[in-house]
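The values are calculated or read from the model by the stated rules, or taken from the named source; none is laboratory data. Predicted, not measured: the structure shown is a model, and the values here were computed from it. Ideal geometry is used to build each Cβ from the backbone, glycine not excepted, and the neighbour counts take in all protein chains shown. Heads up: the accessible areas ignore ligands, DNA and RNA and are worked out on the full protein's heavy atoms, side chains in. Shrake-Rupley method; radii C 1.70, N 1.55, O 1.52, S 1.80 Å.
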Amino acid sequence: MTGFLSLFRRLEGPQTVGRGPGFWGLFAVVLAVALAYPLFSDGYTVGNTVYFFVWVFIALSLCIIWGYGGSLSFGQTAFFGIAGYGYGVLTLNFGSAYGFTLVALVIAVGIAALFAVLLGYFMFFGRIAGVFLGIVTLAVTLMLERFMAQTAGPEWHIGSARLNGFNGMSAMPPLTIPWPGEPIVLFADVGLYYFVLGLLVVVYLALRILMNSSFGNVIVAIRENPERAEMLGYDIRKYQLITFVIGAALAGISGVLYTAWGQYITPSSMGMTAAALPLIWVAVGGRSDLTSTVVGTLVVLAAFQALTIYGSQYALVFMGVLLVLTVLIAPNGLVLGVMHWLGRLAARFTQRAG
Amino acid sequence: MSLLELRELNKHFGGLHVTNAVNLTLEPGEIHCLIGPNGAGKSTLFRLILGEHHPGSGDILFAGENITALKSFARIHRGLSVKFQVPGVFKGLSVRQNLEIALQSRHRGAELEAEIGRLLTFLGLESEQAQTAGNLSHGQKQWLEIGMAISLKPRLLLLDEPTAGMSPEETHMTGEMVQRLNADGMTVLAIEHDMAFVRQVAQRVTVLHLGQVFAQGSIDEIVADERVAAIYLGQAHA
Ligand SMILES: Nc1ncnc2c1ncn2[C@@H]1O[C@H](COP(=O)(O)OP(=O)(O)OP(=O)(O)O)[C@@H](O)[C@H]1O
Ligand SMILES: [Mg+2]
């Protein structure tokens, strides 16, 4: 019981909005609704909802690197793409038997993380910061897009997996969980929904613990004043690198899930538009908090899709307008603004009751 | 053995010779004040000691070890700590969290809480602990940063204009803080323009002028030195 309580305490702290029975009660209700939702919906709609969930991981990656760490990475899509292609190459070569798709998920995310170690080492130990970090990371993702786009010829293959240039790679197997009798294939409906929802909850809670730990303290200290942080004896380059690698892994998870969800991946997933969208979700939601990032991303994605019915150009224009409005009205994020407002309201309410 | 020894330290910014063959020795346990007109190169000297700038030539010895090539964080681990000229607090975080970040590498759990409480009392910031550091007055920011600097239990504390923006009473309180720290064995090197503060705490004073050590001695010797008065007057006329 005390162990359970202390775990709860570590989920809360100055780095995350939302604490106490009120917040966790609401969390439980939302989770229960999310768990029950497939029972009241059809496979197609559930599959569509998974698509939204898939993007939350890359949004969380920006949240910790940019919102908490203060380094604006414009190239999280590079890690998304590397992991997505990685999953494709691995599973097209080795199939899905014996739970290999899950191994492929881990390896693909690992490759993205390894790439982040190399890139991050060069950037942070070379003291590249601020706008230059954004430029370097953007250049990397656009370079990867260009490279993959020119791999149409048959000479571009890894094992039996053709890279297929601009058309991208397809027909890789979905995630498959080995099961006595018959393996469970997670097609883009109810099965994948529960898998991704479970992963999302675990990642969200784990990040809450991480950000409220002493490690998280150093990360926000670096955002606030890197010089002061270093003069407290922290090797800030190491902390920045670790955060960057964690972020890359999260973006990689999105990449693998996306690839497994639609059974395809194309170079445009690393292009300019793809790189810009997560920034908008996170900025509109509220980049400096995990909860507002998750909520903001889901809300904006749903709005985006609703608008796409009228034409995707309009939806993109809407995104731009939304970003400008956020910067003007609530620079720390619209959802976060609402959360703070609700918090003040609750405080006043309990004050009056007490 | 002296605690800090600067040997023939030189630093150029382009054509500007900001640190010119500086030799300076600090004995363990002393409070040493560094004074000099604006632009004399005082803050630059701190940045050289801290490893934020690297000298063109010369050596920096700390407790007998040559630290000239060490990274900043490694020098902090050796026992250096600093309060910057422009208060370097974490503006968006609470006062309490500022101190927690400074203390957390040496203390955990209940011990950490106790240390934070002790430090808040020492700084007189108990009632401000939940405040966002950016909302503090200039003087309170100075104290908060001094608190962060001393939470590392440094052997040498560098203070760059600790009383700037403070009233005479606050300046005096800061002087008493420094003396209490010194009584516990901390060596202090303070850059200061406020002569009342210098008179209150300094056991030895070094005057820096145009990047060079211009004079050194007790506060009375320095005040009586006409050459020193002249460089300050010269600045006042300029
Ligand atoms: N990074 C830098 N690049 C170029 N010149 C610099 C740099 N830092 C300081 N200087 C110059 O070096 C000289 C000394 O600056 P420094 O900040 O060390 O003076 P100071 O003695 O601390 O002055 P003050 O009392 O005004 O704080 C000044 O002329 C300043 O303009
Ligand atoms: Mg200065």
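For region A:104-113, does any single residue satisfy the condition of being β-branched (Val, Ile, Thr), open to solvent by less than 30 Å² (accessible area, probe 1.4 Å), out of contact with any Pro (no Cβ under 7 Å at 6 or more places or on another chain) and in a loop (DSSP other than H, G, I, E, B)? It would help to see each step written out before you state the result.
So the first thing to find is which residues in region A:104-113 are β-branched (Val, Ile, Thr), and the list is A:106-107, A:109, A:111.
In the following step, the residues that additionally are open to solvent by less than 30 Å² (accessible area, probe 1.4 Å) were identified as A:109.
Checking which are out of contact with any Pro (no Cβ under 7 Å at 6 or more places or on another chain) leaves us with A:109.
Next cut, in a loop (DSSP other than H, G, I, E, B) only: none.
Checking region A:104-113: not a single residue is β-branched (Val, Ile, Thr), open to solvent by less than 30 Å² (accessible area, probe 1.4 Å), out of contact with any Pro (no Cβ under 7 Å at 6 or more places or on another chain) and in a loop (DSSP other than H, G, I, E, B).
Out of B:57, B:81, report the one residue that is more than 11 Å from every other protein chain (Cβ to nearest Cβ) and modelled with pLDDT of 95 or more.
B:57
Give the residue, chosen from B:114, B:133, that is touching a strand residue (DSSP E or B) at 6+ places or on another chain (Cβ under 8 Å), farther than 25 Å from residue B:29 by Cα and either of a type in the set (A, V, I, L, M, F, W, C) or outside the structural domain of residue B:47 (by TED's automatic domain parsing) (or both). Explain how you work it out, then say what you get.
On the way: B:114 fails: touching a strand residue (DSSP E or B) at 6+ places or on another chain (Cβ under 8 Å).
Result of the check over B:114, B:133: B:133.
Could you list, in sequence order, the residues of region B:46-94 that are of a type in the set (A, V, I, L, M, F, W, C), within 16 Å of ligand 2 (Cβ to nearest atom) and touching a residue at least 24 places away in the same chain (Cβ under 8 Å)? If you could, list the steps in order and put the result at the bottom.
Taking region B:46-94 first, the residues of a type in the set (A, V, I, L, M, F, W, C) are B:46, B:48-50, B:60-63, B:67, B:69-70, B:73-74, B:76, B:80, B:82, B:84, B:86, B:89-90, B:93.
Cutting the leftovers down to within 16 Å of ligand 2 (Cβ to nearest atom) gives us B:46, B:48-50, B:82, B:84, B:86.
B:46, B:48, B:49, B:50, B:82, B:84, listed by residue number.
Cβ contacts < 9 Å: first residue within 9 Å of residue A:75 (Cα to Cα), restricted to region A:125-143; second residue modelled with pLDDT of 95 or more and surrounded by fewer than 18 Cβ atoms within 10 Å (Cβ to Cβ), any location; separation 6+ or different chain. Result?
A:136/A:122
Go over the candidates B:172, B:193 one by one and state the one that is surrounded by fewer than 19 Cβ atoms within 10 Å (Cβ to Cβ), within 16 Å of ligand 1 (Cβ to nearest atom) and not acidic (Asp, Glu).
After ruling out the rest, the residue left standing is B:193.
Looking at region A:1-64, what helices (runs of 4 or more DSSP H) fall wholly within it and have at least 1 residues that are closer than 21 Å to residue A:189 by Cα and open to solvent by 40 Å² or more (accessible area, probe 1.4 Å)? Spell out how you get there, then give the answer.
Details: elements: A:2-11, A:20-36, A:43-62.
It comes to A:20-36, A:43-62.
Taking residue B:88 as the residue in question, decide whether it is within 16 Å of ligand 1 (Cβ to nearest atom) and at pLDDT below 95.
yes
Looking only at region A:211-226, count how many residues are assigned to a helix (DSSP H, G or I), in contact (Cβ under 8 Å) with a residue 24 or more places away in the chain and either touching a helix residue (DSSP H, G or I) at 6+ places or on another chain (Cβ under 7 Å) or within 7 Å of another protein chain (Cβ to nearest Cβ) (or both).
Looking only at that region, the number is 9.
Of all the helices (runs of 4 or more DSSP H) wholly in region B:108-216, which have at least 2 residues that are within 16 Å of ligand 2 (Cβ to nearest atom)?
B:138-150, B:195-201
So residue B:47 fits all but one of (1) closer than 19 Å to residue B:155 by Cα; (2) more than 8 Å from ligand 1 (Cβ to nearest atom); what number is the exception?
Among (1) closer than 19 Å to residue B:155 by Cα; (2) more than 8 Å from ligand 1 (Cβ to nearest atom), residue B:47 violates only (2).
Pairs needed: first member in region A:227-243, more than 7 Å from every other protein chain (Cβ to nearest Cβ); second member anywhere, outside any helix (DSSP H, G or I); C-beta distance under 9 Å; at least 6 residues apart or different chains.
Pairs that qualify, where the first residue is more than 7 Å from every other protein chain (Cβ to nearest Cβ) and the partner is outside any helix (DSSP H, G or I), are A:229/B:90; A:237/A:127; A:239/A:69; A:240/A:69; A:240/A:71; A:240/A:129; A:243/A:69; A:243/A:71.
Going by the structure shown, is residue A:246 under 19 Å from the mean Cα position of the chain (by Cα), of a type outside the set (Ser, Thr, Tyr), open to solvent by 10 Å² or more (accessible area, probe 1.4 Å) and more than 14 Å from every other protein chain (Cβ to nearest Cβ)?
yes
Counting just the residues of region B:175-190 that are hydrophobic (A, V, I, L, M, F, W, C) and more than 16 Å from ligand 1 (Cβ to nearest atom), which one comes out nearest to residue B:123 (Cα to Cα)?
B:177
In the list B:175, B:139, which residue meets the criterion of being more than 13 Å from every other protein chain (Cβ to nearest Cβ) and modelled with pLDDT of 95 or more?
B:175
For residues that are facing chain A (nearest Cβ under 9 Å) and crowded, with 19+ Cβ neighbours inside 10 Å, scanning just region B:97-120, find the one that is nearest to residue A:218 (Cα to Cα).
B:101
Kindly indicate the residue of region B:84-96 that is open to solvent by 50 Å² or more (accessible area, probe 1.4 Å) and more than 9 Å from every other protein chain (Cβ to nearest Cβ) and also farthest from residue B:178 (Cα to Cα) among those meeting that condition.
B:86
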